[in-house]
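Here's the structure, in structure tokens; my notes come after.
The values are calculated or read from the model by the stated rules, or taken from the named source; none is laboratory data. As the structure is a computational prediction, the values presented were derived from the model and not from experiment. For neighbour counting, all protein chains shown are included, and Cβ atoms are generated from backbone atoms with ideal geometry for every residue, glycine included.
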Amino acid sequence: MPVWLEVAIRSISIIIGLFIITRILGKKPLSKLSFFEYIVGITVGDIAGTMSMDLSISLEEGITSILIWSLFPVLTSRISLRNKKFRDFVEGNSTLFIKNGKILEENLKREKYTVDELLEQLRKKDVFRVADVEFAVLEPNGDLNVLLKREKQPLTVGDVFPNPPSEKEPQTVIMDGMILDEPLATMGLNRGWLKQQLDKQGVAVENVFLAQVDSYGQLTIDLYDDKIQIPEPQEKKLLLAAIKKVQADFELFALQTEAKEAKALYEANAKKMQALLQKVAPFLKN
Amino acid sequence: MTVVSQVKQSLASLKSIHAGLQELALISQDEQAQRTFHEAMMMTEEIIADIKKRIGKLEWEEPQYHGK
């Protein structure tokens, strides 16, 4: 067997082997690897590289070494899934850096962190004043995570609206001009509905690059032709406007009429419309 | 525009609101949204019944506007 052929066979089988091993190791992203896992990865790659080139190493020796190096992390991660103490030992503990707004100098020293490095890490999190921090912790993988003081935390929807209406994930129903039936069915819709909506906006299915339906049944589309302007869906806004108009009409009728009975009826219904408006307004806005 | 036709216009708007709410109640994915739209729809039904009664009375009082 010529040398180049042996190298080729070795390389191809090692590539396939490494591919399978990486699949077994799982889908933790590279940045989330612990230092140990990182080193294991490099070593496995190095062994594989040497094995494919250096014909003086016998295949059995190389494979034994690779298997040990790559299966050891699998084993440790299996055990650490079950055992908290083992996990702490293998993956390390997090270290408190700031607690109750006070820097813990002892812990900084233990992790060999200078104040400058701490400040730099805080700035990465958009924190420029240490006084704004309630709590900061150094994770085992070297990330610094920061909890800001309550008054410095960014505003969320929940702060402004106590009970915001929830939104489910939108479904993509047209891709590259092709209708996707499965997501449509998930929303309880069908092709007929989709066609009706597209006709309303005056576009043909073939011209649609992407179309999505949100959890309130509103269809938003993107066309191949970027020069054409597509209006935003208006149904919810129009409905809200109609409710407001009818409510105002009833108040007007109540003012105009002389008959007492009719006045009472219009006023009662104006109040009902007001209640209805308040009920649905959060769902109809945006 | 006479009073009757104004009220009738409001009734038409109400019916369209009713249909819109019904559609949203059916199509919404979130359970709370479904319930809210459904309750709102029931409220419009009550109001529609009230207004229909009122229109009947108006037409009876002023038969010259009947059907307009």
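Assorted remarks:
A quick yes/no check of all residues on (1) in contact with a Phe, Trp or Tyr (Cβ under 6 Å, 6 or more places away or on another chain); (2) at pLDDT 90 or above; (3) in a helix (DSSP H, G or I):
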{"site": "B:Leu11", "(1), (2), (3)": "no, yes, yes"}
{"site": "B:His18", "(1), (2), (3)": "no, yes, yes"}
{"site": "B:Leu21", "(1), (2), (3)": "yes, yes, yes"}
{"site": "B:Phe37", "(1), (2), (3)": "no, yes, yes"}
{"site": "B:Met41", "(1), (2), (3)": "no, yes, yes"}
{"site": "B:Lys52", "(1), (2), (3)": "no, yes, yes"}
{"site": "B:Ile55", "(1), (2), (3)": "no, no, yes"}
{"site": "B:Leu58", "(1), (2), (3)": "no, no, yes"}
{"site": "B:Gly67", "(1), (2), (3)": "no, no, no"}
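- Those helices (runs of 4 or more DSSP H) of segment A:11-91 in which at least 3 residues are touching a residue at least 24 places away in the same chain (Cβ under 8 Å) and closer than 30 Å to A:Leu144 by Cβ, considering only elements entirely within it, cover A:35-53, A:59-82.
- Of the residues screened, A:Pro233 is not one that is in contact with a Ser or Thr (Cβ under 9 Å, 6 or more places away or on another chain) and in a helix (DSSP H, G or I).
- Screening segment A:272-286 for residues that are of a type in the set (D, E, K, R) and within 10 Å of chain B (Cβ to nearest Cβ) and picking the one that is nearest to A:Asn163 (Cα to Cα) gives A:Lys279.
- Any chance A:Gly101 is over 30 Å from A:Arg10 (Cα atoms), surrounded by fewer than 14 Cβ atoms within 10 Å (Cβ to Cβ), touching a helix residue (DSSP H, G or I) at 6+ places or on another chain (Cβ under 8 Å) and in contact (Cβ under 8 Å) with a residue 12 or more places away in the chain: yes
Each row is one residue, and each column tells you yes or no for (1) at pLDDT 90 or above; (2) closer than 16 Å to B:Leu14 by Cα; (3) acidic (Asp, Glu).
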| site | (1), (2), (3) |
| --- | --- |
| A:Ala241 | yes, yes, no |
| A:Val246 | yes, yes, no |
| A:Leu252 | yes, yes, no |
| A:Glu261 | no, no, yes |
| A:Leu276 | yes, yes, no |
| A:Lys285 | no, no, no |
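- Hits in segment A:200-211 (condition: modelled with pLDDT of 90 or more and surrounded by fewer than 17 Cβ atoms within 10 Å (Cβ to Cβ)): A:Phe209, A:Leu210
- Matching residues in segment A:183-199 - criterion: being surrounded by fewer than 17 Cβ atoms within 10 Å (Cβ to Cβ), touching a helix residue (DSSP H, G or I) at 6+ places or on another chain (Cβ under 8 Å), modelled with pLDDT under 90 and on the phi < 0 side of the Ramachandran plot: A:Asn190
- Residues that are at pLDDT 85 or above and of a type in the set (A, V, I, L, M), drawn from segment A:212-235: A:Val213, A:Leu219, A:Ile221, A:Leu223
- Test set (1) within 27 Å of A:Ser166 (Cα to Cα); (2) outside the structural domain of A:Asn190 (by TED's automatic domain parsing); (3) surrounded by 18 or more Cβ atoms within 10 Å (Cβ to Cβ) - A:Lys244 fails condition number: (3)
Residue-by-condition table, conditions (1) facing another protein chain (nearest Cβ under 9 Å); (2) surrounded by 15 or more Cβ atoms within 10 Å (Cβ to Cβ):
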site: B:Thr2; (1), (2): no, no
site: B:Leu26; (1), (2): yes, no
site: B:Gln29; (1), (2): yes, yes
site: B:Thr36; (1), (2): yes, yes
site: B:Met41; (1), (2): no, yes
site: B:Leu58; (1), (2): yes, yes
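- Remark: B:Lys8 falls outside the filter, which requires a residue to be out of contact with any Leu (no Cβ under 6 Å at 6 or more places or on another chain), under 19 Å from A:Ala270 (Cα atoms), more than 10 Å from chain A (Cβ to nearest Cβ) and exposed (fewer than 15 other Cβ atoms within 10 Å of the Cβ).
- Conditions (1) surrounded by 13 or more Cβ atoms within 10 Å (Cβ to Cβ); (2) among the hydrophobic types (A, V, I, L, M, F, W, C); (3) over 32 Å from the mean Cα position of the chain (by Cα); number of the one not met by A:Leu118: (3)
- Tally of residues being exposed (fewer than 15 other Cβ atoms within 10 Å of the Cβ) and either of a type in the set (Gly, Ala, Ser) or part of a helix (DSSP H, G or I) (or both) across segment A:247-267: 8
- Residue within segment A:274-282 that is in a helix (DSSP H, G or I) and among the β-branched types (Val, Ile, Thr) present: yes
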